[in-house]
Structures are given as C-alpha cells and as structure tokens.
Amino acid sequence: MELVLATRNEDKIREIKEAFQNLPIRILTFKDLPKFPLLVEDKDTLYGNAQVKARTVAKFTQKIALADDTGLEVEALGGAPGVLSSRFAGKGASYEDNNRKLLSLLKKVPLQKRRATFRCVMVISNGARRERAVEGTCQGRIIRRRRGRAGFGYDPIFEPQGYDRTFAELSLKEKNRISHRGKALEKVKKILEKWPKSRLIGLTGNIGCGKTTVAHMFEDLGAEVIDADEIGHQLLEKENIKKRVVGIFTESVLNGKGNISRKKLRNLVFKDKKKLEKLNSILHLLIVKEIKKKIKASPSNLIVIDAAVLLEAGWDSLVDKILVVSTPYHTQLKRIKEKGDFSPAEIKGIMGAQLLQSEKIKRADFVIENEGSVDKTREQVRKIWEKLK
Ligand code: IMP
C-alpha cells in the first residue's frame with residue numbers, strides 16, 4: 001500500500017516515518033512527487049485543516065493521503081494558541097518566535113498553572129468518499145526555559161506529564177510512544193490495516209429503475225457485486241433476528257411455515273415510518289457488518305455494492321463513488337406493475353420511503369439513464385466501467 005503524507009513539514013514526516021517503519025506501507029512525500037499541491041491551513045478547526053489537506057493531496061495524487069494538523073492548547077491562555085499554533089507569533093513565524101511569545105505570555109504564571117495539551121488530528125482520505133479522522137492528545141506543562149535539542153516546534157518548552165524531560169529531550173522513539181502524534185498514528189495504523197484494497201462503487205436507484213439489471217451488467221464485466229438487499233433477506237431468515245422482529249411486530253408477520261413473510265412485513269413497515277425505523281434499527285448495522293466482511297474477503301479490484309437504501313441508510317460513507325440508476329416516473333411505474341410483485345398501496349408506501357430520484361441524482365458521481373434499450377444501458381455501464389477499473 002502507498003500512503004502520501006499531506007504535509008511539507010519535514011519534522012512531522014520524520015516522526016510519521018519512524019512510527020510506520022516496520023509496516024508494509026510505502027510512504028511517499030512531496031519529495032517523491034514531481035508535482036505537489038499547495039496546502040492552505042485556513043480553517044478554524046484542526047479537523048477542518050487536516051481534512052482539506054488530506055482531500056487535496058489525495059485528489060491531486062490519486063492515492064491515499066494522510067494529513068496531520070496539530071495544536072498546543074495552554075490552559076492559562078484559554079486554550080490558545082490551538083489551531084493557530086504555527087502562526088502564533090504571526091504569519092511565517094519561526095518555531096523560536098512562537099516559543100518566545102508563549103513564554104512571555106506565561107511569564108507571571110506559576111509552574112502548577114501551566115498545564116497544556118498537544119492535540120493532533122489526522123485525516124486519511126482517498127480523495128473520493130472514503131475518509132477517516134482520528135485524534136491523539138498528550139498532556140503536560142509549559143516549562144520556563146527551553147530545554148533539549150531534539151524534536152521541533154514547541155517541544156523544547158513542553159514537558160509531558162510524568163516526565164521530567166521535555167519532548168526535545170526525548171528520542172524520536174520515546175516521543176512517538178507517548179505523544180499526541182504517536183497516539184493518533186497508532187489509530188491510523190489500525191485503520192490502514194482494514195483499508196479496503198478495492199474500489200467500492202455504491203449502486204442505487206429507486207424501485208423499478210433497473211438497478212438489478214445494471215448490477216448484472218457490472219458483474220458481466222468482471223466486478224464483484226454485493227447485494228445488500230439480499231443480505232437483508234438472508235438476515236430475516238436467521239432465528240435470532242426472527243425473534244427480534246416478532247418481538248416488535250408480533251407473530252402476525254409470520255407465514256404458515258413460521259417464517260417471516262417479507263410481504264407481511266413490508267405491508268406493516270411501509271405504512272408506518274416508526275415501524276420502518278424499528279426494522280432498520282435491527283437490520284442496518286448487521287447488513288453493514290456483512291458488507292464489510294464480504295469486502296474484506298473479496299479478491300476483486302472493483303466491488304459494486306448494490307443497495308436500494310444506500311443513501312437513505314448513510315451507507316454512501318462506505319463507498320468511493322455513487323452510481324444512481326434513473327428512470328422517468330412513468331417508466332418506473334410501468335415496470336413495477338409489469339413485475340406484479342406489489343400492490344398499488346405497497347408501491348405508494350415504498351416510493352414514499354425512498355428519497356426522491358432528483359435528490360439521489362444530485363448526490364451521484366455517475367448517473368445511468370435506464371430508459372431506452374438494454375444495449376443503450378449496457379453502453380453507459382461499459383463507459384463507467386472504463387473510467388473506474
Ligand atoms: P500544524 O499542524 O502544521 O498547523 O502545526 C502547528 C504548529 O504546532 C507547528 O508549527 C509546530 O510549531 C507545532 N507542533 C506541531 N506538532 C508538534 C509537536 O509534535 N511538537 C511540538 N510542536 C508541534
């Protein structure tokens with residue numbers, strides 16, 4: 001796996017490289033890339049800055065990027081300099097300028113009141129939708145005079161709790177073991193271990209749009225399709241889930257064989273939003289768990305997650321791109337009626353529970369107009385496949 005560090009700060013790069021030393025991850029920095037984007041830190045939170053840096057670099061390089069934004073929060077100064085730590089003594093201030101300013105502001109503050117926290121927020125982004133954020137903190141105090149030559153920034157005046165040495169008096173390894181950045185990096189490592197190697201496409205569309213037909217077309221081209229709706233159906237057949245569903249909806253949802261009748265369940269939940277929410281609260285987390293399991297086990301480079309409720313359930317956070325299959329309303333209705341699976345009342349209920357098609361299209365990275373011939377649809381699928389694979 002390759003990981004680009006979204007920073008030009010060589011001190012941070014050194015620490016991150018040390019922490020990742022023995023991992024099967026190839027770290028790339030601005031020095032390895034002939035072109036590297038400009039990184040601007042103008043947000044008012046560490047998270048905002050880290051996010052924009054990670055996204056910018058990931059989009060620019062088309063690789064996974066890791067950004068770090070760090071602040072020192074001094075209690076006696078009401079949490080300052082915080083997000084402004086690098087510019088504390090003004091734009092372009094050196095580490096020394098910042099240290100001097102901080103020491104001078106704390107001149108009259110006794111040692112026991114000089115508590116401070118380093119806070120490091122890291123964001124990992126693939127430039128598409130996949131993104132995670134973590135935080136690491138380290139508490140300590142600001143001493144009166146600089147001590148030590150290692151580290152950088154405020155290290156010479158920061159003494160971590162439980163130590164009588166400053167960060168600048170610790171080795172890189174020692175600092176990483178207890179520091180804000182070291183702790184954040186531990187969390188990043190765990191995330192990267194599980195970071196899917198494949199591209200994930202969320203395929204969705206309202207009832208009758210032909211989402212399943214499109215899923216099969218992707219399958220024909222070599223993608224693996226994970227059918228979230230099918231996972232939901234299989235879950236309903238499990239004894240423990242059946243018990244929970246019956247517990248909420250009573251035995252009236254069972255068929256003659258004592259199994260859950262999806263039709264009966266549908267009739268209940270699509271008439272009543274609260275009931276639908278209850279059913280979702282049983283199923284959705286389990287479906288996501290199963291999807292993640294399948295992603296992990298898949299050898300495929302491109303996985304399509306076929307899910308009617310991708311956007312409604314917030315599962316779009318699982319995928320890199322969203323693909324919406326769209327059909328004009330009259331075609332949609334015609335197709336549903338032709339299939340004959342649903343009564344008019346059921347159709348109305350299901351459509352009422354789905355986000356409007358126009359809303360879905362607004363959030364889509366790709367839209368397939370599934371109105372004309374099968375060949376026309378297949379051609380659109382092929383074009384998207386070429387872009388994605
Ligand atoms: P930023 O994350 O690049 O905005 O960093 C903010 C400022 O905090 C830097 O300019 C450094 O002065 C300081 N800083 C960040 N990380 C550390 C650290 O690990 N030790 C000491 N100072 C740090």
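The values are calculated or read from the model by the stated rules, or taken from the named source; none is laboratory data. These numbers were taken from a predicted model, which means no experiment stands behind them. So basically every Cβ, Gly included, is an ideal-geometry build from the backbone, and we count neighbours across all protein chains shown. Calculation scope for accessible area: heavy atoms of the full protein, side chains included, ligands and nucleic acids excluded. Shrake-Rupley method; radii C 1.70, N 1.55, O 1.52, S 1.80 Å.
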Is it true that residue 150 is in a loop (DSSP other than H, G, I, E, B) and hydrophobic (A, V, I, L, M, F, W, C)?
yes
Taking the stretch 351-375 and keeping residues part of a loop (DSSP other than H, G, I, E, B), touching a helix residue (DSSP H, G or I) at 6+ places or on another chain (Cβ under 9 Å) and open to solvent by 70 Å² or more (accessible area, probe 1.4 Å) leaves 363, 371
Among the residues of the stretch 159-167, is there at least one that is within 16 Å of the ligand (Cβ to nearest atom), closer than 22 Å to residue 87 by Cβ and part of a loop (DSSP other than H, G, I, E, B)?
no
Does residue 202 satisfy the condition of being under 23 Å from residue 295 (Cβ atoms) and modelled with pLDDT under 95?
no
Residues to consider are 186, 193, 135; find the one that is more than 28 Å from residue 308 (Cα to Cα), modelled with pLDDT under 95 and surrounded by fewer than 16 Cβ atoms within 10 Å (Cβ to Cβ).
193
Being within 16 Å of the ligand (Cβ to nearest atom), open to solvent by 50 Å² or more (accessible area, probe 1.4 Å) and basic (Lys, Arg) is the filter here, so list the residues in the stretch 35-54 that pass it.
43
Looking at (1) buried (at least 21 other Cβ atoms within 10 Å of the Cβ); (2) away from the ligand (no atom under 14 Å from the Cβ), which is the only condition residue 83 fails?
(2)
Collect the residues in the stretch 55-78 that are within 13 Å of residue 16 (Cβ to Cβ) and more than 12 Å from the ligand (Cβ to nearest atom), keeping them in residue-number order.
65, 66
Restricting the first residue to the stretch 150-167 and requiring it to be touching a residue at least 40 places away in the same chain (Cβ under 8 Å) and open to solvent by less than 40 Å² (accessible area, probe 1.4 Å), which pairs with a second residue that is in a helix (DSSP H, G or I) and of a type outside the set (Gly, Ala, Ser) meet a Cβ separation below 6 Å and a spacing of at least six or different chains?
151/167; 152/11; 153/95; 157/99; 158/167
Exclusive hit being of a type in the set (Val, Ile, Thr), open to solvent by 20 Å² or more (accessible area, probe 1.4 Å) and assigned by TED's automatic domain parsing to the domain that holds residue 126, set 27, 16:
27
Only one of 317, 298, 281 is of a type outside the set (A, V, I, L, M, F, W, C), open to solvent by less than 60 Å² (accessible area, probe 1.4 Å), out of contact with any helix residue (DSSP H, G or I) (no Cβ under 9 Å at 6 or more places or on another chain) and more than 19 Å from residue 384 (Cβ to Cβ); which?
298
Conditions: (1) assigned to a helix (DSSP H, G or I); (2) more than 11 Å from the ligand (Cβ to nearest atom); (3) among the acidic types (Asp, Glu). Residue 32 meets all but one. Number of the miss?
(1)
Could you list, ordered by first residue, the pairs with Cβ atoms under 7 Å in which the first is in the stretch 168-190 and over 13 Å from residue 21 (Cβ atoms) and the second is open to solvent by 50 Å² or more (accessible area, probe 1.4 Å) and not small (Gly, Ala, Ser), at least 6 apart or interchain?
168/147; 168/149; 169/147; 180/119; 184/135
